[in-house]
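Single-structure report; data block below.
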Amino acid sequence: MKKIVKLLSVLAVSLLVSISVFAKQVVYVGTNAEFAPFEYLEKNQIVGFDIDLLNAISKETGIEFKVKDMAFDGLLPALQTKKVDLVIAGMTATPERQKTVLFSKPYFTAKQVIITKGEDKSLKSFDNLAGKKVGVMLGFTGDSVVSEIKGAKVERFNAAYAAIMALNQGKIDAVVLDSEPAKKYIANSKQLMIANVPAEEEDYAIAVRKNDKALIEKIDAAVAKIKANGEYDKILKKYF
Ligand code: ARG
């Protein structure tokens, strides 16, 4: 009897050891799937450039990512309260956000653009949005850009499609949004266009909590590999 107990406990211990050796590191990811082509829903599945990038990082690192869809302005709070461990959402690594989270090296460069219905010849720079009703998405960098323009009337929306709808209905004069999603919206419309004004570049990066340095280093190394081995370009080609 004693022998059997001993044997069983030896078996149990070795089982536990092998499970912990083979268990994958699981990392919960937050995104906001209303930002094509970076993340959007297709048949109820979250897909897009960022998701393919995550899958490529998963292949490199062995990390298993579990992606949750949530409101954009809830992403960083969810990271801080440990509801998720990582955020990938076409998120710009702004100095303001850098105060509270740790960003990866940039993986994409974008800029803000102004979308109008028909051409607005008065628009030569972002400052010309003064006196106009401008739609932005709550918490997006476009929100801070337009909020800083003296005299611009900021109208905050929860999702880009709602702002675009308001623009189409003539309820607002312009929408400020990231360049790539903006291109997607105007591609589907005869009247919408992007104003030709200069804009600063911004870098998208992956965010983790400040003390997760080891995780972000793993991710940076994986992304460097993915860029070097052509995988990154393949993903780019698929979406752009
Ligand atoms: N780049 C902008 C920002 O960081 C917008 C990102 C929106 N992303 C999204 N998945 N909804 O604020």
Please identify the pairs in which a residue from the stretch 21-41 that is more than 9 Å from the ligand (Cβ to nearest atom) has its Cβ atom under 6 Å from the Cβ atom of a residue that is among the basic types (Lys, Arg), counting only partners at least 6 apart or on another chain.
-> Tyr28/Lys66; Gly30/Lys68; Ala36/Lys184
Out of curiosity, is Asp52 away from the ligand (no atom under 13 Å from the Cβ), charged (D, E, K, R) and under 24 Å from Ala228 (Cβ atoms)?
-> yes
Going through the stretch 24-54 in order, the residues found to be assigned to a helix (DSSP H, G or I), in contact with a helix residue (DSSP H, G or I) (Cβ under 9 Å, 6 or more places away or on another chain) and of a type outside the set (Phe, Trp, Tyr) are Asp52, Leu53
Is it true that Ser125 is away from the ligand (no atom under 16 Å from the Cβ), of a type in the set (S, T, N, Q) and surrounded by fewer than 19 Cβ atoms within 10 Å (Cβ to Cβ)?
-> yes
Taking the stretch 85-100, which residues are away from the ligand (no atom under 12 Å from the Cβ) and either of a type in the set (D, E, K, R) or crowded, with 22+ Cβ neighbours inside 10 Å (or both)?
-> Asp85, Leu86, Lys99
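Out of Ile206, Ile194, Ile216, I need the residue that is under 17 Å from the mean Cα position of the chain (by Cα), among the β-branched types (Val, Ile, Thr) and more than 15 Å from the ligand (Cβ to nearest atom). Which one? Full working, then the answer.
Values: Ile206 fails: more than 15 Å from the ligand (Cβ to nearest atom); Ile194 fails: under 17 Å from the mean Cα position of the chain (by Cα).
After applying the criteria, what remains is Ile216.
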For the stretch 66-83, does any single residue satisfy the condition of being touching a helix residue (DSSP H, G or I) at 6+ places or on another chain (Cβ under 7 Å) and more than 12 Å from the ligand (Cβ to nearest atom)?
-> no
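Run down Ser104, Ser58 and say which single residue is touching an Asp or Glu at 6+ places or on another chain (Cβ under 7 Å) and more than 16 Å from the ligand (Cβ to nearest atom). Quick ask: steps written out before the conclusion?
Values: Ser104 fails: more than 16 Å from the ligand (Cβ to nearest atom).
Within the list Ser104, Ser58, the selection yields Ser58.
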What number of residues within the stretch 98-125 satisfy the criterion of being closer than 25 Å to Phe38 by Cβ and either in contact with a strand residue (DSSP E or B) (Cβ under 7 Å, 6 or more places away or on another chain) or among the hydroxyl-bearing types (Ser, Thr, Tyr) (or both)?
-> 17
Please find, within the stretch 156-166, the residue that is nearest to Leu138 (Cα to Cα) out of those that are without any contact (Cβ under 8 Å) to a residue 40 or more places away in the chain and buried (at least 19 other Cβ atoms within 10 Å of the Cβ).
-> Phe157
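Scan the stretch 50-64 and give yes if some residue there is touching a Lys or Arg at 6+ places or on another chain (Cβ under 8 Å) and polar (S, T, N, Q), otherwise no. Reasoning before the result, please.
Within the stretch 50-64, the first condition is being touching a Lys or Arg at 6+ places or on another chain (Cβ under 8 Å), and the residues that meet it are 52, 60-64.
So of that shortlist, the ones also polar (S, T, N, Q) come out as 61.
For the stretch 50-64, residues touching a Lys or Arg at 6+ places or on another chain (Cβ under 8 Å) and polar (S, T, N, Q): present.
From the list Val145, Val134, which one is assigned to a strand (DSSP E or B), buried (at least 16 other Cβ atoms within 10 Å of the Cβ) and either within 16 Å of the ligand (Cβ to nearest atom) or free of Cβ contacts under 8 Å to residues at least 60 places away in the same chain (or both)? Talk me through it step by step, then tell me what you get.
Details: Val145 fails: assigned to a strand (DSSP E or B).
Going through Val145, Val134 in turn, just one is assigned to a strand (DSSP E or B), buried (at least 16 other Cβ atoms within 10 Å of the Cβ) and either within 16 Å of the ligand (Cβ to nearest atom) or free of Cβ contacts under 8 Å to residues at least 60 places away in the same chain (or both): Val134.
Rule-based calculations on the coordinates, nothing more; no lab input. Remember, predicted model here, so these are calculated numbers, not experimental data. Quick reminder, even Gly has a Cβ in these numbers, built from the backbone with ideal geometry, and neighbours come from all protein chains shown.
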